[in-house]
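Single-structure report; data block below.
Since every read-out is calculated from the coordinates, none of them should be taken as a lab result. Quick caveat, the model's predicted, so the values are computed rather than measured. Quick reminder, even Gly has a Cβ in these numbers, built from the backbone with ideal geometry, and neighbours come from all protein chains shown.
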Amino acid sequence: MSYRFHVAKPTHGEEGGDIPLESALRDWWIAYPAPVSEVPYLDCGDVAKMVGSRSGEQGDYVVVDVRRKDHAGGHVRGSVQCPAQTFYDDLPSFYERFGEKKQVVFYCGSSHGRGPRCARWYQDYLNDKGDTKSQASVMRGGFKEWKERFGGNDALTDRDAE
C-alpha cells in the first residue's frame with residue numbers, strides 16, 4: 001500500500017489565497033513560525049576581533065553564514081555555512097553541533113533578513129530548551145559591510161575558488 005499526496009498553495013484570488021504563489025516561493029520564511037526572541041547585534045569590528053584573535057579560547061564561538069550561493073564570493077574566515085532556507089528544519093542538528101558555543105553569530109548579505117531571522121529562531125530554540133549557556137547574535141551590516149572593511153584581509157576573509 002502506498003500513498004501519494006499532492007499539495008498546492010492556492011493562487012491569488014482562490015479561497016485562502018491571500019498570498020500570490022510567486023510571493024510564497026520568494027518569501028520562503030512564511031512557511032515557518034515567526035521568531036519571537038530579540039537578539040543583540042555585534043559590530044563587524046567586534047566579530048573581526050573574535051576571528052582574528054590568537055589569544056583566549058577560540059572554541060567558544062562560531063560564525064554562521066546563512067547565505068546560499070553568494071557564500072562563494074567571500075565569507076568570514078572560519079564561518080560555517082547553513083543556508084537560511086533550510087535552517088529552521090535543521091535546528092535540532094544545528095543545536096547538537098553548536099549548542100556548546102557561548103556565542104553564535106549569524107550573518108547574511110546585509111543582515112537585514114536571513115541573518116536576524118535565523119539568529120532569532122536559534123535563540124527561540126535555546127529559550128525553549130532552557131539553555132542559557134549559548135546566545136545568538138547578528139553581525140551588523142552582514143557580509144557587505146564585512147567585505148568593505150575586511151575584504152582585502154586574508155586573515156579575516158576567505159574566498160572559494162570560482
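One compactness figure for region 34-158 is 0.97, namely its Cα radius of gyration divided by 2.2 N^0.38 Å.
Among Ser111, Ser134, Ser53, rank each residue by its count of other Cβ atoms within 10 Å, from fewest to most, as a rough exposure measure.
With the sparsest Cβ surroundings first, the list reads Ser53, Ser134, Ser111.
For region 92-160, the fraction of C-alpha pairs more than 15 angstrom apart is 56%. Spin-label model, Lys49/Asp90: points 7 Å from Cα along the beta carbon direction are separated by 3.0 nm. Straight Cα distances below 23 angstrom link Lys101 to the lysines Lys49, Lys129, Lys133, with same-chain residues fewer than 8 positions distant left out. With both residues required to sit in region 34-158, DSSP beta bridges show an antiparallel share near 15%.
Among Ser110, Ser79, a tally of other beta-carbon atoms within 10 Å of each Cβ gives an order, fewest to most, of Ser110, Ser79.
When you filter the GluC sites (Glu not before Pro) in region 52-156 for DSSP loop state and at most 11 other Cβ atoms inside 10 Å of their Cβ, you are left with Glu57.
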